[in-house]
Amino acid sequence: MSSLADNAASQRSTEGTRLVVIDAARAASWFDWRELWNYRELIWILAARDITVRYRQAVVGVAWVVLQPVAEMVVFSGLFSLLGKRPAGEAVPYTISLLCGLLLWQLFAAIVGSATSCLVDNRPLLTKVYFPRMVLPLAVCLRPLVDFGVGLVVLAGLMAWFHVAPSLALLMMPLVVLATVITALALGLWLSALNAHYRDFGYIVPFLLRIGFFVSPVIYETASLNIPTQWHLLYSLNPMSSLLESFRWSLIGTAGPEVIEVVASLVATFLVLVTGAWYFRRVERFLADRI
Amino acid sequence: MNDVALRVENLAKVFQMGHHLAYHRFTEFIENMAKNVARLPSRLMSSKPAKAKTDANLFWALDDVSFEVQRGEVFGVIGRNGAGKSTLLKLLSRITTPTRGRIEIRGRVGSLLEVGTGFHHELTGRENVFLNGAFLGMTRREIKQKFDAIVAFAEVERFLDTPVKHYSSGMYIRLAFSIAAHLEPEILIVDEVLGVGDAAFQKKSMDVMRDVARRGCTCLIVSHNLPTITNLCTRALLLRSGRLAANGPVDEVVEQYLATGLSLGGEIVWNDPATAPGYDIVRLHAVRVRHTDSLSSTADIGISQEIEIEISYWNLLDQECLSAGFTLRDHVATSVFTTSSMRPVSLTPDAWGGMPHPVGLFRSVCRIPAHTLNEGRYAITPFVGHGLTEPFARAEDVLSFNIHDTGEMRGEYFGHWPGVVRPWLPWSTEQMS
């Protein structure tokens, strides 16, 4: 059965109406950008719903978004000051470095987490109506981004309080955020498809995220670790490690990752993204029958 | 000019039995992997090929179906439960993909596969209108233009900003239907939704469907309700066990559908109370037709013979008040009459009609007097439940029988005798001047 691929190709016919051909005998076109673009309205509506649900009561919504990173910030900075250790450089207060890490990690984890369940959660839609399934993981990216924006405001306030001024590197920050979203989405494509295919996969994801939280420089800076040189490349294969370091660099001027590390993590992200899209398309074909 | 809106060639869809129902578990996958790795050495040693998947587990929901629908045509799809209608619609609306074959669709497809297809329960009515437009790939501006017409037709103005999960089923279907009809897809696929709602709404929906067709929209309608099909459609296809059984003018296809009842020899029996039509209150056991001159069931009855229709059913819930009944339809799906064992409906008082039933198997028999029906083919839709309005167990057109004209009434006339019924009525004529 799996050897029979399907293909849904759309093109403009001569009369201007859309012609869709579904052919079980032809190889699958593995990505259809234009169709996804045609359904941008749907991405927006699904994302807007997510956002309005969270921020319907503005004060509660903002408080809820701020509470988690701030609480973690208090706990971890308290913990490390009690231990008498400082897992970060001396240039800026640890609290700020910590919050930088927590906010970017929260953005990443929220996208990965909600992308994982997006197909299963939308089962009623998937079995009743057609749309490019990739709309769903794309739509879940937007709400965490808004949450992240709210978190940035808190961070800006904290930086003003401690008189930490960003440099021109701040201009690179949106790029780092974009790269984080793409990394999370790449993983999200894999995980959502795996979760739709293997129903118990969802249980593994929070565990993986927890591990990721500690092996990535969220609550510490890479520079304060003593990583043996032969492990450096392996360490930087985790895209989040160089992304977190780049994020700190752009905001508070700590040492950024080395170029080789950035390249390694970009390559890793690209591979996950391409294979994730491929696997997602594979699962998509039989999604409605199996989910 | 090529004006085909929809072309289907050799379409087939296979399901692995049980496979599509059970969820996979990642732990099982790992376990199987481990087993395969463990077996790998022995498999490499032996030259036997890996065992192929057996065909026994495969279920062909659709097999080698080909047809074409012209632009602007209203096309019916009929067939019994499990004949592959839903699978066909799911393939055409691209929810699932075919195993074999090819589909060509010209134009935007809107589908209404069930009450509330494509509704998001948490969203308000207003948001759902936009959501559904987005499912058709429409832009916000295009949807806005239709918005007022949609809301006016659905009569939900007051509840526009209420999440649809709080809607009544009537409001739900009105909005869903209104969206599907007004967003002007070029091909509209409708499944079993025309039969819902009250009579006024049904009439409205039928008018809209005709209007949609007049605008040049191609419509594909699936329904068990044959009058809907004969009323709206010009052509139809009949599916039987996943295969195309007929394709042509709607009257001919409907007649074929009725002609090929599941029944042989005037009876249909469901032996397993777990799978018989109905659900956990009452299930049908058997429906039989015979004439009173014979003890065994027969599908061929003379026009001058009294007919007995027997419906037997299991009552599964103690003290349920039940009555049995049936609707009789002729070969073009016109309802001839509906009758029931309920007290005021039955001519003779029926001991069990509408009365509380203990758990058990029951049999109701209805007699249709001789010289009631015209010659031709009739189909029975039996039901058991609370009177006519709440049938708990119902089976659409499950049994058909023939009335043969044996000539008693005809005399010298051999032509077609018009009429749905042919009662034998007393006449008297006298000379006035």
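The values are calculated or read from the model by the stated rules, or taken from the named source; none is laboratory data. Computed from a predicted structure; not experimentally measured. FYI the Cβ positions are ideal-geometry reconstructions off the backbone, even for glycines, and counts take in every protein chain you see. Ligands, DNA and RNA are excluded from the accessible area calculation, which covers all protein heavy atoms including side chains. Shrake-Rupley method; radii C 1.70, N 1.55, O 1.52, S 1.80 Å.
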Evaluation of residue A:130 against (1) crowded, with 18+ Cβ neighbours inside 10 Å; (2) within 22 Å of residue A:107 (Cβ to Cβ) (one fails), failing number = (2)
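Looking only at the stretch A:1-34, which residues are at pLDDT 50 or above and either more than 8 Å from chain B (Cβ to nearest Cβ) or under 23 Å from the mean Cα position of the chain (by Cα) (or both)?
Narrowing the stretch A:1-34 to residues at pLDDT 50 or above: A:16-34.
Residues satisfying the conditions are A:16, A:26, A:27, A:28, A:29, A:30, A:31, A:32, A:33, A:34.
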Taking the stretch B:133-156 as the search range and keeping residues that are at pLDDT below 85 and more than 14 Å from every other protein chain (Cβ to nearest Cβ), which one is most open to solvent (accessible area, probe 1.4 Å)?
-> B:155
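How many residues are touching a residue at least 12 places away in the same chain (Cβ under 8 Å) and either in contact with a strand residue (DSSP E or B) (Cβ under 8 Å, 6 or more places away or on another chain) or closer than 30 Å to residue A:227 by Cβ (or both) when one looks only at the stretch A:271-291? Step through it out loud before you land on a result.
So in the stretch A:271-291, the residues touching a residue at least 12 places away in the same chain (Cβ under 8 Å) come out as A:272-273, A:275-285, A:287-288, A:290-291.
With either in contact with a strand residue (DSSP E or B) (Cβ under 8 Å, 6 or more places away or on another chain) or closer than 30 Å to residue A:227 by Cβ (or both) added as a condition, the list becomes A:272-273, A:275-276, A:290.
Of the residues in that region, 5 qualify.
Please enumerate the residues belonging to the stretch B:105-116 that are open to solvent by 20 Å² or more (accessible area, probe 1.4 Å) and touching a strand residue (DSSP E or B) at 6+ places or on another chain (Cβ under 7 Å).
Residues of the stretch B:105-116 open to solvent by 20 Å² or more (accessible area, probe 1.4 Å): B:106, B:108-109, B:111, B:114-115.
Listed by number, the residues that qualify are B:106, B:108, B:109, B:111, B:114.
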Right, residue B:69: away from chain A (no Cβ under 13 Å) and either loosely packed, with under 11 Cβ neighbours inside 10 Å or modelled with pLDDT under 85 (or both) or not?
-> no
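Which of the following residues is at pLDDT 80 or above and farther than 16 Å from residue B:75 by Cα: B:205, B:169, B:178?
Numbers: B:205 fails: at pLDDT 80 or above; B:169 fails: at pLDDT 80 or above.
Of B:205, B:169, B:178, the one residue that is at pLDDT 80 or above and farther than 16 Å from residue B:75 by Cα is B:178.
What is the residue count in the stretch B:356-387 for residues that are over 30 Å from residue B:405 (Cβ atoms) and exposed (fewer than 15 other Cβ atoms within 10 Å of the Cβ)? If you could, list the steps in order and put the result at the bottom.
Our first condition is that a residue be over 30 Å from residue B:405 (Cβ atoms); within the stretch B:356-387, this holds for B:356-363, B:384-387.
Remaining after also requiring exposed (fewer than 15 other Cβ atoms within 10 Å of the Cβ): B:356, B:358-361, B:363.
Number of matching residues: 6.
Name the residue that is surrounded by the fewest Cβ atoms within 10 Å (Cβ to Cβ), counting only residues in the stretch A:249-288 that are hydrophobic (A, V, I, L, M, F, W, C) and closer than 24 Å to residue A:99 by Cβ. Outline the logic, then answer.
First, pick out the residues of the stretch A:249-288 that are hydrophobic (A, V, I, L, M, F, W, C): A:249, A:251-252, A:255, A:259-260, A:262-264, A:266-268, A:270-274, A:277-278, A:280, A:283, A:286-288.
Now drop any that are not closer than 24 Å to residue A:99 by Cβ, which leaves A:249, A:251-252, A:255, A:262.
Working: A:249: 20, A:251: 27, A:252: 25, A:255: 13, A:262: 18.
Here the residue is A:255.
Could you check the stretch A:213-248 and list, in sequence order, the residues that are part of a helix (DSSP H, G or I), aromatic (Phe, Trp, Tyr) and surrounded by 15 or more Cβ atoms within 10 Å (Cβ to Cβ)? First the steps, then the outcome.
Residues of the stretch A:213-248 part of a helix (DSSP H, G or I): A:213-215, A:222-224, A:229-237, A:239-248.
Checking the rest, the ones that are also aromatic (Phe, Trp, Tyr) come to A:213-214, A:231, A:235, A:247.
Of everything in the stretch A:213-248, those that are part of a helix (DSSP H, G or I), aromatic (Phe, Trp, Tyr) and surrounded by 15 or more Cβ atoms within 10 Å (Cβ to Cβ) turn out to be A:213, A:235, A:247.
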Consider residue B:400 against the criteria (1) crowded, with 20+ Cβ neighbours inside 10 Å; (2) touching a residue at least 40 places away in the same chain (Cβ under 8 Å); (3) in a loop (DSSP other than H, G, I, E, B); (4) not hydrophobic (A, V, I, L, M, F, W, C): it satisfies all of them except one. Which criterion is unmet?
-> (3)
Can you find a residue in the stretch B:80-97 that is small (Gly, Ala, Ser), more than 10 Å from chain A (Cβ to nearest Cβ) and closer than 16 Å to residue B:213 by Cβ?
-> no
Which of the residues belonging to the stretch A:155-178 are open to solvent by 50 Å² or more (accessible area, probe 1.4 Å) and either of a type in the set (A, V, I, L, M) or within 14 Å of chain B (Cβ to nearest Cβ) (or both)?
-> A:156, A:160, A:165, A:168, A:170, A:171, A:172, A:175, A:178
